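Every number in this text was worked out from the coordinates using simple rules, so none of it is lab data. Owing to the predicted nature of the structure, the values given are computational and were not obtained by experimental measurement. Virtual Cβ from ideal backbone geometry, glycine too; neighbours counted across all protein chains shown.
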Amino acid sequence: MDTQTQTEIEAATFRRLLKHLDDHKEVQNIELMVLADFCRNCLAKWYMAAAEERGETVDYDSARQVVYGMPYSEWKDKYQTPATAEQMAAFEARQAAKANAKKS
């Protein structure tokens, strides 16, 4: 497979991931962090980093708009729910496990 085709496939895959997340707005970022160790905000940060690696400047708000499909503040108001005590406990346990793994 040539590099151009690979890049096109990767871009299409990224767009499909964004659509999948958009179709499942009920899945909260904290749930993604607990289960997969990344969330929509992580994707925005990775988007910014990839742009920077290529000499482009994309600010965080613009990157989040690409990922969320709208300004983050609007998405948050419409779709984000407060984290439950159980979600926060699971997130904190995940973070502690990661910290302990780094020490090993």
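Taking the criterion of being among the hydrophobic types (A, V, I, L, M, F, W, C) and farther than 17 Å from Q80 by Cβ, the residues of the range 36-66 that qualify are A36, W46, M48, A49, A50, A51, V58, A63, V66. Output yes when any residue across the range 29-46 is assigned to a helix (DSSP H, G or I), buried (at least 16 other Cβ atoms within 10 Å of the Cβ), of a type in the set (S, T, N, Q) and in contact with a Cys (Cβ under 9 Å, 6 or more places away or on another chain), and no when none is. So far as the range 29-46 goes, yes, one or more of its residues are assigned to a helix (DSSP H, G or I), buried (at least 16 other Cβ atoms within 10 Å of the Cβ), of a type in the set (S, T, N, Q) and in contact with a Cys (Cβ under 9 Å, 6 or more places away or on another chain). Summed over the range 15-25, the residues that are more than 11 Å from the chain's Cα centre (by Cα) and either free of Cβ contacts under 8 Å to residues at least 12 places away in the same chain or assigned to a helix (DSSP H, G or I) (or both) give a count of 7. Considered as a group, the residues in the range 47-64 that are under 21 Å from T13 (Cβ atoms) and not in a helix (DSSP H, G or I) include one that is nearest to the chain's Cα centre (by Cα), and that residue is V58.
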